[in-house]
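Visitor: Okay, handing you the structure first.
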Amino acid sequence: MCEVGEDYAGPAPGEPPSTPRPGREQKCVKCKEGPPVVVIRAGDAFCRDCFKALYVHKFRAMLGKNRLIFPGEKVLLAWSGGPSSSSMVWQVLEGLSQDSAKKLRFVPGVIFVDEGAACGQSPEDRAKTLAEVKLILQTVGFPWHVVALEEVFNLTPSVLRCSARESSGAKGAYKAAVDSFLQQQHNLGADSNISPAQGEEQLDLPQTQAPLGPAEFPTASQTEALSRLFDSAKTLTAKEELLQTLRTHLILHVARIHGYSKVMTGDSCTRLAIKLMTNLALGRGAFLAWDTGFSDERHGDVVIVRPMRDHTLKEVAFYNRLFAVPSVFTPAVDTKAPEKASIHRLMEAFILRLQTQFPSTVSTVYRTSEKLVKAPREGCAASLSGPHCLLCMCALDIDTNDSATAFGAQTSLRLSQTSQTEAGMAIPSCCTADKGQDQSCCRVACRREDPSASVSEQLCYGCRVTMKDLPSPDTLPPYILAEAQLRSQRAWVMQEIQEYLIEDSDNEADTVQS
């Protein structure tokens, strides 16, 4: 790979690289008439109107070529207040306006997750941030939901279960849905004096949520429990992964309660390139297609889409600046953290520094992610009924074969048993390594009694690596512990009755399938 220190006959090391600036005689590369105001790449100078047309086209083309969002479908916009998610909300707002050439036809809603307790914000700062958030949401006019991260302690274990998604049908289902929607809107406009768009808004959009009352704010015990959970994490990497997991669970819960079948996130091209490299370092290489692709169907009935994945952070910043897109600054877990504080920060600094020297770095990594195929590894379950990770809800990639993931999982188990021995905790003789793995003993019963073992055995390799930095699983939200206990009990029951089950022969299975 290219190194920063290599000589490419460029400027001297002491001299900063020259940045091309549009001169007075230079014109827009697209219309050849207007004065350029934005230089996206070297030689690509755009005027204000052409840059906006390019920016909007990228967003519409990403939605149009995938055809996952059907007309009239409810879509939840995950807004964090940052530049990318704010630009995404603005694109949807303009796409639903009357002046839009090709209107968006789905029904949007916005959700904002208050993560102030995990980031160590004071109640006064959180209240100030929420006031700014609600002011912007009221200006946008979409139905909005403001929830605190502490609400994860009120979730039920059902949020961790993958529900079956309704089939979209044949290839022509999207076109048929569009034609049916247009005919319905035409009939609605002919039967009344209101326009189709106004009728759609009155029929489908719920009323905007009222400001949260004092009783709807999280309790002091929930805030203390959340702070205790993040304080117990040993590394910043574990805190960031845990925050992302809990945030996703909470958004899924809100989407299912209010009937949203799609969730839009504002992940940009630059952010996805950093995420791809970060997940590789965290041992999540098997799930890169789900973590960085346009659509993420791992949750079944709710699909996560990323329509901003063709926009770089530079383009987002220029667009928000030129067209006054409002945003809210909210401190994150890694705010003011040094470069080597976590794997996320280290990969971000590495990619951005390499991008300044080689401008095609982000696009190269991003194009690589587009080639990844969503195919489970051999031996892993591909259906929703198969075993899934307790946290990230991906198919379990831990097997009993002689593979790297199995070796890593067994090494983690040995280290945990060694730490228990050093701490003076008694380990049953049947669970020691010298007894072998094939003996039938109280191994499953011990896992049922030990919450740490019941949680660990339900995790994929990447989540197991993250959970090693969490000393005790007792600080996790109750719904995670309850689901882990339920899965362990179910596995124990299946093992007890396994010898009494009658398995179908190969000939009978073929007959049933035919």
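Visitor: Going by the conditions given, is Ala317 part of a helix (DSSP H, G or I), on the phi < 0 side of the Ramachandran plot, surrounded by fewer than 20 Cβ atoms within 10 Å (Cβ to Cβ) and under 16 Å from the mean Cα position of the chain (by Cα)?
Guide: no
Visitor: Scan segment 62-71 for residues that are open to solvent by 30 Å² or more (accessible area, probe 1.4 Å) and closer than 21 Å to Ile111 by Cα and jot them down.
Guide: Listed by number, the residues that qualify are Leu68, Phe70.
Visitor: Does segment 371-385 hold any residues that are at pLDDT 70 or above, surrounded by 12 or more Cβ atoms within 10 Å (Cβ to Cβ) and not hydrophobic (A, V, I, L, M, F, W, C), and which are they?
Guide: Passing the criteria: only Lys374.
Visitor: Looking only at residues that are under 11 Å from Leu372 (Cα atoms) and open to solvent by 30 Å² or more (accessible area, probe 1.4 Å) in segment 286-301, which one is modelled with the lowest pLDDT?
Guide: Out of the qualifying residues, it is Ala286.
Visitor: Next up: Only one of these is within 30 Å of the chain's Cα centre (by Cα) and crowded, with 17+ Cβ neighbours inside 10 Å: Phe59, Phe46. Name it.
Guide: Phe59
Visitor: What about Glu150, is it farther than 30 Å from Phe51 by Cα, open to solvent by 30 Å² or more (accessible area, probe 1.4 Å) and in contact with a Leu (Cβ under 7 Å, 6 or more places away or on another chain)?
Guide: The answer is no for Glu150.
Visitor: Can you tell me how many residues in segment 59-85 are in a helix (DSSP H, G or I) and under 15 Å from Lys103 (Cα atoms)?
Guide: Counting residues in segment 59-85 that are in a helix (DSSP H, G or I) and under 15 Å from Lys103 (Cα atoms) gives 6.
Visitor: Hey, another quick one. When the residues of segment 209-230 are filtered to those that are more than 15 Å from Leu149 (Cα to Cα) and open to solvent by 80 Å² or more (accessible area, probe 1.4 Å), which remaining residue is modelled with the highest pLDDT?
Guide: Only one residue tops the list, namely Pro211.
Visitor: Follow-up. Scan segment 335-343 and give yes if some residue there is crowded, with 18+ Cβ neighbours inside 10 Å and touching a Lys or Arg at 6+ places or on another chain (Cβ under 6 Å), otherwise no.
Guide: No, because not a single residue in segment 335-343 is crowded, with 18+ Cβ neighbours inside 10 Å and touching a Lys or Arg at 6+ places or on another chain (Cβ under 6 Å).
Visitor: Of the residues Leu313, Leu276, Leu322, which single one is under 30 Å from Leu160 (Cβ atoms), of a type in the set (A, V, I, L, M) and touching a helix residue (DSSP H, G or I) at 6+ places or on another chain (Cβ under 9 Å)?
Guide: Result: Leu276 is the single residue among Leu313, Leu276, Leu322 that is under 30 Å from Leu160 (Cβ atoms), of a type in the set (A, V, I, L, M) and touching a helix residue (DSSP H, G or I) at 6+ places or on another chain (Cβ under 9 Å).
Visitor: Filter segment 493-507 for residues that are open to solvent by less than 100 Å² (accessible area, probe 1.4 Å) and modelled with pLDDT of 70 or more and give the result.
Guide: Those that are open to solvent by less than 100 Å² (accessible area, probe 1.4 Å) and modelled with pLDDT of 70 or more: Val493, Met494, Glu496, Ile497, Gln498, Leu501.
Visitor: Does Leu282 count as more than 26 Å from Lys103 (Cα to Cα), buried (at least 16 other Cβ atoms within 10 Å of the Cβ) and modelled with pLDDT under 95?
Guide: The answer is yes for Leu282.
Visitor: If we scan segment 259-282, do we find a residue that is touching a residue at least 40 places away in the same chain (Cβ under 8 Å), closer than 30 Å to Ala127 by Cβ and part of a helix (DSSP H, G or I)?
Guide: yes
Visitor: Would a scan of segment 327-343 turn up a residue that is of a type in the set (Lys, Arg) and not in a loop (DSSP other than H, G, I, E, B)?
Guide: Checking segment 327-343: not a single residue is of a type in the set (Lys, Arg) and not in a loop (DSSP other than H, G, I, E, B).
The values are calculated or read from the model by the stated rules, or taken from the named source; none is laboratory data. None of the values given here were measured: they were computed from a predicted structure. Positions of Cβ are backbone-derived with ideal geometry, glycine not excepted, and every protein chain shown enters the neighbour counts. Note: accessible area is taken over every heavy atom of the protein model, side chains too, but ligands, DNA and RNA are not part of it. Shrake-Rupley method; radii C 1.70, N 1.55, O 1.52, S 1.80 Å.
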